[in-house]
Amino acid sequence: MASDGVVAAAGGAVWRRTPDGDVETAVVHRPRYDDWSLPKGKHDDGEALVETAVREVLEETGLSVVVGRRSLRTRYAVEAGTKQVDYWLMEAVGGEFAPGDETDELRWLPLPEATALVTHDHDRVVLADLARTDVPRSPTLLLVRHAKAGSRSDWDGDDDLRPLDGKGRRQARRLAAVLPLFAPTAVLSAERTRCRETVEPLADALGLPVQPLPEVGEEEFTADPQAGLAVVERFLEPRPAPGVTVVCSQGGAIPSMLMALGVRWAGLAGALWPPAAKGSTWVLGGSPGALLADYYRDFAPDPDAAGGPGVHVGTPGPGAAVR
């Protein structure tokens with residue numbers, strides 16, 4: 001339950017490409033309601049909403065997916081009050097459907113046919129978002145700010161060697177639990193102990209090394225921003241298969257990188273400096289003018305702290321409306 005009278009749920013607009021290169025999506029029939037819908041389900045305690053979405057897709061479709069850009073949040077009336085469903089676009093990479101009590105049929109359909117078949121308007125708006133071609137469906141880069149490392153003034157040694165504190169280690173473990181949903185294929189870090197320690201649990205979980213990437217360190221980026229931007233832009237290039245590169249950097253570099261890419265923070269005063277809280281993740285893909293840029297403050301198991309809905313498109317002009 002997200003809050004009083006609001007039932008929190010999450011789901012996925014699952015897609016794949018046909019041999020001809022067209023996009024088709026999975027819709028399921030629910031015998032309990034005799035309707036056709038997108039796979040979704042209620043949030044469980046201890047889950048981030050993106051984890052709920054992946055779990056529910058697997059339970060209702062049998063499909064393995066890679067999480068893509070964050071889609072829409074829908075709200076509609078149910079018997080218990082209001083149902084609030086956060087959606088992600090997800091590319092199917094395996095699995096097989098088996099009929100069950102919750103869903104007894106799955107159909108892969110082109111988007112116009114799926115839009116005509118689904119029963120509810122709130123599913124149609126998510127399919128309209130899936131149909132967008134002005135921004136990528138899938139990211140290629142996760143840009144992570146290092147986790148909490150205590151106060152610099154309390155550390156007597158070389159600041160480059162300052163390690164994570166207890167909260168930072170918990171943040172790192174949380175990242176290691178959630179970021180595999182985006183299918184990382186490489187993990188890189190600025191050459192600071194706190195940056196490396198932030199992504200080491202993730203790298204260990206994936207069986208990957210943490211590779212040094214000095215260009216994205218705060219001091220290095222300040223000295224040569226073009227070199228850092230060149231690295232970031234290289235990781236934004238389209239990939240032939242789903243998956244992302246994870247890069248851990250610092251708070252003095254990440255907002256500058258994002259501003260250079262055209263990302264703006266839609267705050268009360270208009271386009272502001274993009275945030276980069278400790279332990280946060282920017283999910284990025286595409287190029288300036290057609291940029292996927294989703295901000296995750298954290299992956300808290302609390303739907304009220306999930307960071308809100310939305311597709312976040314960075315553009316060089318008016319900027320992105322991001323949460």
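The values are calculated or read from the model by the stated rules, or taken from the named source; none is laboratory data. Predicted, not measured: the structure shown is a model, and the values here were computed from it. A quick note on method: Cβ atoms are made from the backbone with ideal geometry, for glycine too, and the neighbour counts reach across all protein chains shown.
Quick one: is residue 287 over 24 Å from residue 185 (Cβ atoms), outside the structural domain of residue 73 (by TED's automatic domain parsing) and of a type in the set (Ser, Thr, Tyr)? It would help to see each step written out before you state the result.
Working: over 24 Å from residue 185 (Cβ atoms): no; outside the structural domain of residue 73 (by TED's automatic domain parsing): yes; of a type in the set (Ser, Thr, Tyr): yes.
For residue 287, the condition - over 24 Å from residue 185 (Cβ atoms), outside the structural domain of residue 73 (by TED's automatic domain parsing) and of a type in the set (Ser, Thr, Tyr) - is not met.
Just give me the residues in the range 303-323 being under 29 Å from residue 194 (Cβ atoms) and either modelled with pLDDT of 75 or more or hydrophobic (A, V, I, L, M, F, W, C) (or both), in sequence order.
Restricting attention to the range 303-323, the residues satisfying the condition of being under 29 Å from residue 194 (Cβ atoms) are 304-308, 312, 314, 320, 322-323.
305, 306, 320, 322, listed by residue number.
Residues to consider are 93, 85, 78, 135; find the one that is over 16 Å from residue 24 (Cβ atoms), loosely packed, with under 15 Cβ neighbours inside 10 Å and of a type in the set (A, V, I, L, M, F, W, C). Please lay out each step first, then the result.
Details: 93 fails: over 16 Å from residue 24 (Cβ atoms); 85 fails: loosely packed, with under 15 Cβ neighbours inside 10 Å; 135 fails: loosely packed, with under 15 Cβ neighbours inside 10 Å.
Selected residue: 78, the only one of 93, 85, 78, 135 that is over 16 Å from residue 24 (Cβ atoms), loosely packed, with under 15 Cβ neighbours inside 10 Å and of a type in the set (A, V, I, L, M, F, W, C).
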- Item | Tabulated pairs, the range 220-235, first touching a residue at least 60 places away in the same chain (Cβ under 8 Å), second surrounded by fewer than 15 Cβ atoms within 10 Å (Cβ to Cβ) and assigned to a helix (DSSP H, G or I), C-beta under 7 angstrom, 6+ apart or interchain | none
- Item | Odd one out for residue 107 among (1) of a type outside the set (S, T, N, Q); (2) exposed (fewer than 15 other Cβ atoms within 10 Å of the Cβ); (3) closer than 17 Å to residue 17 by Cα | (2)
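Within the range 22-29, is there a residue that is more than 17 Å from the chain's Cα centre (by Cα) and at pLDDT below 95? It would help to see each step written out before you state the result.
We begin by selecting, within the range 22-29, every residue more than 17 Å from the chain's Cα centre (by Cα); these are 22-29.
In the following step, the residues that additionally are at pLDDT below 95 were identified as none.
No; the residues of the range 22-29 include none that is more than 17 Å from the chain's Cα centre (by Cα) and at pLDDT below 95.
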- When residues of the range 138-156 are filtered for being free of Cβ contacts under 8 Å to residues at least 40 places away in the same chain and surrounded by 13 or more Cβ atoms within 10 Å (Cβ to Cβ), how many remain? 2
- For residue 134, which of the numbered conditions (1) modelled with pLDDT under 95; (2) part of a helix (DSSP H, G or I) fails to hold? (2)
- Give me the pairs: first residue in the range 191-206 and surrounded by fewer than 18 Cβ atoms within 10 Å (Cβ to Cβ), second residue at pLDDT below 95, beta-carbon distance under 9 Å, and six or more apart or on different chains, which are they? 191/160
- Query: Among the residues of the range 260-289, which ones are over 27 Å from residue 219 (Cβ atoms), surrounded by 22 or more Cβ atoms within 10 Å (Cβ to Cβ) and out of contact with any Ser or Thr (no Cβ under 7 Å at 6 or more places or on another chain)?
  - Reply: 286
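If I ask for residues that are assigned to a helix (DSSP H, G or I) and either charged (D, E, K, R) or out of contact with any helix residue (DSSP H, G or I) (no Cβ under 9 Å at 6 or more places or on another chain) (or both), which ones from the range 117-131 would you list?
Step one: list which residues in the range 117-131 are assigned to a helix (DSSP H, G or I), which gives 117, 121-130.
Selection gives 117, 121, 122, 123, 124, 125, 126, 129.
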- Note on the structure: Those residues of the range 124-182 which are over 28 Å from residue 233 (Cβ atoms) and aromatic (Phe, Trp, Tyr) amount to 155
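Just need a number here: residues in the range 161-183 that are in a loop (DSSP other than H, G, I, E, B) and out of contact with any helix residue (DSSP H, G or I) (no Cβ under 7 Å at 6 or more places or on another chain).
Just the residues of the range 161-183 that are in a loop (DSSP other than H, G, I, E, B), to begin with: 162-165, 183.
Now narrow it down to the ones that are out of contact with any helix residue (DSSP H, G or I) (no Cβ under 7 Å at 6 or more places or on another chain): 165, 183.
Selection size over the range 161-183: 2.
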- Selected residue [out of contact with any strand residue (DSSP E or B) (no Cβ under 8 Å at 6 or more places or on another chain) and either of a type in the set (Phe, Trp, Tyr) or surrounded by fewer than 16 Cβ atoms within 10 Å (Cβ to Cβ) (or both)] from 159, 165: 159
- The one condition residue 257 fails out of (1) of a type outside the set (Phe, Trp, Tyr); (2) in a loop (DSSP other than H, G, I, E, B); (3) surrounded by 21 or more Cβ atoms within 10 Å (Cβ to Cβ) is (2)
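Looking only at the range 72-120, count how many residues are of a type in the set (A, V, I, L, M, F, W, C), closer than 16 Å to residue 61 by Cα and touching a His at 6+ places or on another chain (Cβ under 8 Å). Please lay out each step first, then the result.
Residues of the range 72-120 of a type in the set (A, V, I, L, M, F, W, C): 72, 77-78, 80, 85, 88-90, 92-93, 97-98, 106, 108-109, 111, 114, 116-118.
With closer than 16 Å to residue 61 by Cα added as a condition, the list becomes 88-90, 92-93, 97-98, 106, 108-109, 114, 118.
Of the ones still in play, those that are also touching a His at 6+ places or on another chain (Cβ under 8 Å) are 106.
Looking only at that region, the number is 1.
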